[in-house]
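Values in this text are rule-based calculations from the coordinates and carry no lab data. Since the model is a prediction, treat every value here as computed from it, not as a measurement. Glycine also receives a Cβ, built like all others from the backbone with ideal geometry; neighbour counts cover every protein chain displayed.
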């Protein structure tokens, strides 16, 4: 879910802005070249992923970044997936070497 | 306080060799240790072991950046030249940091073999104390954007 949430450039921009502090939905929407319902839809994806939380006071909905979620995901993606990517590349190198050996 | 995050990912690779050759690279310690474990930046600790049969165990330990990582797996399902399913846990300096279910599927395709590795994991609180946190979100998002080709 988090991976999907961050796969979109608009949502990454929103997360980046929330990285410098909490913000209202209208403040988040202001620099974005799209309609308010579109922004709200992006925020819903971010909330569903657990990356963003929001609360409403009166008519203003304020969003904040759940930094801990981002840290955990960063570790997950960086360490585990990257490790497997490297290993599977090395497996490819190994298979290529084995094939060359057999041909000789 | 304890915490857990669940996540999963898949990685696909194609190799220009037959499926049985790809499968064999996972099935013996001689072959597997050629590409799994002895990576740059890793200093092996103890013996790397592999008992490749259903119920068999695998162990690998290594030091990286001053931390001791231990990988312990149990093979749950093996279909020769087609599929391997195993569970494994990872310890960092003695703390359990994840428990995962991993699957490798090997399929013959024109000109070679496609391998799909899927990992589903429970990511445990050990990492909450990881010192080496990237600072701020910008750096992370830039890297992720690059990674995803965005």
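Partner shielding of A:11-21 amounts to 3, given as the average count of beta-carbon atoms from other chains within 10 Å of each residue beta-carbon. For region B:28-91, the relative contact order comes to 23 percent (Cα pairs under 8 Å, sequence separation of at least 6). Averaged over the residues of B:9-17, the number of partner chain Cβ atoms lying within 10 Å of the residue Cβ comes to 4.
Students often get this wrong: which residues of region B:88-119 have the backbone nitrogen under 15 Å from the point 7 angstrom along Cα-to-C-beta of residue B:14? The answer is B:107-116, whose backbone nitrogens lie closer than 15 Å to the label point.
Computed over region A:22-66, relative contact order equals 44 percent, with contacts defined as Cα pairs under 8 Å that lie 6+ residues apart. By the Cα gyration tensor, region B:1-119 has an equivalent ellipsoid whose semi-axes, rounded to whole angstrom, run 26, 17, 14 from largest to smallest.
What order do you get for A:42, B:6 when you list them from fewest to most C-beta neighbours inside 10 Å?
Sorted ascending by nearby Cβ count, the order is B:6, A:42.
Taking other Cβ atoms within 10 Å as a rough exposure proxy, A:55, B:91 sort from fewest to most as A:55, B:91.
Each label was represented as a point 7 Å from its Cα along the Cα-to-Cβ direction; for residue B:72 and residue B:28 these points are 2.8 nm apart. Peptides A:23-33, B:19-29, ordered by how many other C-beta atoms sit within 10 Å of their residues on average, highest first, read B:19-29, A:23-33. Projecting label points 7 angstrom from Cα along Cα→Cβ for residue A:96 and residue B:101 puts them 3.5 nm apart. Over region B:63-118, the pair-distance histogram of Cα-Cα distances with 10 Å bins from zero comes to 22, 36, 26, 14, 2 percent, rounded to whole numbers. Within 10 Å of the Cβ of each residue in B:98-107, the mean number of Cβ atoms contributed by other protein chains is 1.
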